[in-house]
Amino acid sequence: MKYVLLVGRILLSAIFISFGAKHFSVETINYGTSAGVPAASFLVPLAGIIAMTGGLSILLGYKARWGAWLLVIFLVPVSFIMHAYWNIQEPMQHQIQQIMFMKNMSMLGGALILTYFGSGPLSLDNKIKLKIRAKVMERSFWI
């Protein structure tokens, strides 16, 4: 069972790591501008940094709770600004943006679960915790 959370972390983080770098492209910045993102040339790359940092944190299981909060910070505004399907009249675009919005909500759910439960046994967070616990036990043994 300990592998289930590792696989979940890998699957959740993959999209943020792989697509985070695209936030530096002119096309993505222009898309943000067309969707009404203020200061898109600054905020779109910043969103990419937040997404990649959060994704890497979750993938490695290092400060994964903080990484999950970064994904929350990324997903909430991106979902409501970039995928506001309720403002779109054209049926096909409405459906595409609704799917994208709901996809983001499901990833938001996964990120929120990680903020509570953490990264699990196969993570750098757990390895660090076990090292600290071993040092404390070693010291308390000699006292």
Notebook entry, point to check: So what J values fall out for the range 90-101 if you push phi through Karplus, 6.51 cos²θ - 1.76 cosθ + 1.60 with θ = phi - 60°, rounded to Hz, Gly and Pro as x?
Noted result: 5, x, 5, 5, 4, 5, 4, 5, 5, 5, 4, 4
Next item on the list: Give the cross-link partners of K63 among the lysines, using a straight C-alpha distance below 23 Å as the criterion and excluding same-chain residues fewer than 8 apart.
Entry: K2, K127, K129, K131, K135
Check: By how many degrees, 0 to 90 and rounded to 10, does the Cα axis of helix 2-20 deviate from the longest principal axis of the chain?
Finding: 40
Check: So what J values fall out for the range 21-27 if you push phi through Karplus, 6.51 cos²θ - 1.76 cosθ + 1.60 with θ = phi - 60°, rounded to Hz, Gly and Pro as x?
Finding: 5, 5, 5, 9, 7, 4, 4
Next item on the list: Work out the FRET efficiency for K103 and I132 from their Cβ-Cβ distance, taking R0 = 30 Å, and round it to the nearest 0.05.
Entry: 0.20
Item checked: Interchain or long-range residues, amide H under 5 Å from K63's placed H -> D125
Check: So what is the calculated 222 nm ellipticity per residue for the chain, using -39500 (n - 2.57) for each DSSP H run with n of 4 or more, over all residues, to the nearest 500 deg cm²/dmol?
Finding: -27000 deg cm²/dmol
Notebook entry, point to check: Modelled label-to-label distance, L124 and A39, 7 Å Cα→beta-carbon offset: nm?
Noted result: 2.9
Margin query: Helix 64-82 against the longest principal axis of the chain: what's the angle in degrees, Cα atoms only, rounded to the nearest 10?
Written below: 10
Next item on the list: Once you've got the GNM for the chain with C-alpha springs shorter than 10 Å, pick whichever of M52, M102, M82 has the biggest mean-square fluctuation.
Entry: M102
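Bear in mind that the values in this text are calculations on the coordinates, not laboratory data. Just so it is clear, the structure is predicted and the values come from calculations on it, not from any experiment. Virtual Cβ from ideal backbone geometry, glycine too; neighbours counted across all protein chains shown.
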